[in-house]
Amino acid sequence: MTDVRNERERNETLRAILEHPLPFRVRVDAGGRTLDQNALAFRWYGEIHRQGREFTTDQARAFCKYHFGCPIRAAAEPEFAAFLALLESRYTYEELIAAMAYVEVTRHFDTAQMSEYLTAMQAHFRTRGVLLTGWDQGFGQYPEQRRRAS
């Protein structure tokens, strides 16, 4: 899969499609999470580690992917829901958390799904006294919302 972010990349992709022999498959979607959202999630995994001391950064990421990301992706994709149900039927909780290092979850999110993920993270950890910073600085918002806020 290739991300197309500008006109040059679009033209290169179209040229590659025109030159590719038939038959082939193409998947086009509206794009995924924003780089700001992705950066914020990784910033928060570190803050969860530093403030809560319950998890390492990698453990915080796995916890969040499983508890907040998997339900979002499963609700949107029946195939992923079936895959998750199979995992949950065969593995312990600890094994499921460890498996999150190998399961793509948020990589497939669009901006709205990533906002939902970040909001769930923030709400969960706020109840545990962990203050996740950056949301008020425009991270996680759609670009047009950030422009209006400034």
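The values are calculated or read from the model by the stated rules, or taken from the named source; none is laboratory data. Computed from a predicted structure; not experimentally measured. Heads up, the Cβs are rebuilt from the backbone with ideal geometry, glycines too, and the neighbour counts pull from every protein chain shown. Note: accessible area is taken over every heavy atom of the protein model, side chains too, but ligands, DNA and RNA are not part of it. Shrake-Rupley method; radii C 1.70, N 1.55, O 1.52, S 1.80 Å.
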**Prompt:** Restricting the search to region 94-138, which residues are free of Cβ contacts under 8 Å to residues at least 60 places away in the same chain, open to solvent by 70 Å² or more (accessible area, probe 1.4 Å) and closer than 16 Å to Ala60 by Cβ?
**Reply:** Glu94, Ala101, Arg126, Thr127
**Request:** State yes or no: is Ala62 closer than 17 Å to Arg107 by Cα, buried (at least 19 other Cβ atoms within 10 Å of the Cβ), aliphatic (A, V, I, L, M) and at pLDDT 95 or above?
**Result:** yes
**Fill in**
Scanning region 65-92 for residues that are surrounded by fewer than 17 Cβ atoms within 10 Å (Cβ to Cβ) and charged (D, E, K, R), the one farthest from Ser115 (Cα to Cα) turns out to be Arg90
**Request:** Kindly establish whether Arg43 is among the basic types (Lys, Arg), farther than 24 Å from Tyr102 by Cβ and either at pLDDT below 85 or open to solvent by 80 Å² or more (accessible area, probe 1.4 Å) (or both).
**Result:** no
